[in-house]
Structure formats: C-alpha cells, structure tokens
1. When you go through Gly62, Gly75, Gly55 one by one, which is the residue that is among the small types (Gly, Ala, Ser), at pLDDT 90 or above, touching a strand residue (DSSP E or B) at 6+ places or on another chain (Cβ under 9 Å) and under 19 Å from Phe156 (Cα atoms)?
2. Within the range 11-26, restricting attention to residues that are in a strand (DSSP E or B) and surrounded by 15 or more Cβ atoms within 10 Å (Cβ to Cβ), which residue is farthest from the chain's Cα centre (by Cα)?
3. Out of (1) surrounded by fewer than 18 Cβ atoms within 10 Å (Cβ to Cβ); (2) under 30 Å from Leu6 (Cα atoms); (3) of a type in the set (Gly, Ala, Ser); (4) within 17 Å of the chain's Cα centre (by Cα), what's the single condition that is false for Ala59?
4. Mind checking which residues of the range 97-129 are among the small types (Gly, Ala, Ser) and at pLDDT 95 or above?
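The values are calculated or read from the model by the stated rules, or taken from the named source; none is laboratory data. Everything numeric in this text was worked out from a predicted model, so none of it was measured. Neighbour counts run over all protein chains shown; Cβ positions are idealised from the backbone, glycine included.
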Amino acid sequence: MGYVHLTDICQFIPPSAMQKSAGTWTPTLASSLITDVRTAAEASFDLMIPVVLPGSNLAKQGAKLVSIDLWYIIGTAAADDIGTVGLDKVTLPADDVAPTGAAVDVTLDSAHDTTTKRKAADEHKMTVTLDTPAFIEDDEAYWLTMSVDAAATTVFSLVGAQANFTLRL
C-alpha cells in the first residue's frame with residue numbers, strides 16, 4: 001500500500017458554492033469568465049465560503065489547510081467598508097450536543113491587510129493564511145467569511161476561492 005504526501009495541492013471553490021447574506025446576485029458568463037455579480041446598492045452583506053476538504057480522525061492525515069485565496073472584483077466605485085475577514089472553525093459534536101464555532105488566527109497578504117486596500121475599486125486576489133496550518137479533523141468544518149458594506153454604485157463580482165493545503169493519506 002502506498003503513502004501520499006503532497007505539499008502543494010489546491011481545491012477551487014466556485015461562487016455558486018458560496019453563501020451571500022443579502023443583495024441581488026446574478027450568475028454571469030462574460031468573456032469566458034463565470035462570476036456572481038451583485039447589483040449595485042447601498043447595503044451591507046456577508047460572504048460565507050465553505051472550505052470543503054478531506055478530514056480524518058487520525059492525527060496528521062487528510063488535508064492540512066494552509067491558506068485560502070479569494071478572487072473578487074469591485075467595479076464602478078469602491079465599497080464603503082470591508083472591515084471583517086475571518087476564518088471560522090466549526091466543531092461538529094456527537095448527538096445532543098450543540099455545534100460550536102471559533103475564530104482561527106489568520107494573516108492577510110500585504111495587498112489586503114487594511115480596509116482601504118480591500119475595499120478599493122480593482123481586481124483582487126486576497127490570500128488569507130492560517131497562522132498555524134491545521135489538519136482538518138473528521139468533526140470539523142471551516143468557513144471563510146467577509147463582511148462588505150457596499151456604496152450605492154459599488155458593483156461586486158465574486159470570481160471564486162481556492163483552498164491551499166497539504167494532502168497526506
């Protein structure tokens with residue numbers, strides 16, 4: 001039986017797999033690029049991005065989550081605010097026990113480490129790196145979250161995300 005230890009593996013997460021808390025979103029195909037485009041409106045919304053990777057109850061087996069890249073485009077006008085970007089770990093317990101969530105310590109890349117940089121009208125690739133990469137256990141789920149306060153003319157296009165991990169089987 002073989003052993004797999006791959007250190008530079010990724011999993012794409014399409015915009016259709018992401019949850020959006022508010023606004024009118026339209027799946028769009030233009031110039032061979034598929035996006036979810038939010039109609040411009042003065043309002044706040046949250047993005048909730050599931051990080052779906054293999055987990056295991058055995059130590060140091062499965063996926064070791066290292067970072068997540070998020071691609072988005074802000075057009076027409078900068079957003080009013082993108083203040084919160086976080087990674088949450090949900091523990092999925094046995095029957096009759098409530099699931100719990102906890103924030104995971106992360107660092108944002110230097111092009112997105114301030115609200116001003118994140119909310120600018122531009123094409124964005126934001127990298128969220130776990131301060132301590134972690135193997136996903138069989139009773140855990142990870143979600144990347146981002147809160148956006150859009151201006152009246154902000155057009156927000158969600159391109160997708162990518163989970164970057166080590167795979168050990």
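1. Only one candidate passes the filter, namely Gly75.
2. Restricting to residues being in a strand (DSSP E or B) and surrounded by 15 or more Cβ atoms within 10 Å (Cβ to Cβ), the top hit is Trp25.
3. (4)
4. Hits for the range 97-129 are Gly101, Ala102, Ala103, Ser110, Ala111, Ala120, Ala121.
Per-residue answers, yes or no, for (1) outside any strand (DSSP E or B); (2) without any contact (Cβ under 8 Å) to a residue 40 or more places away in the chain; (3) under 21 Å from Leu65 (Cβ atoms); (4) not acidic (Asp, Glu):
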position: Glu123; (1), (2), (3), (4): no, no, no, no
position: Thr127; (1), (2), (3), (4): no, no, yes, yes
position: Leu130; (1), (2), (3), (4): no, no, yes, yes
position: Tyr142; (1), (2), (3), (4): no, no, yes, yes
position: Thr145; (1), (2), (3), (4): no, no, yes, yes
position: Val148; (1), (2), (3), (4): no, no, no, yes
position: Phe156; (1), (2), (3), (4): no, no, no, yes
position: Val159; (1), (2), (3), (4): no, no, yes, yes
position: Gln162; (1), (2), (3), (4): no, no, yes, yes
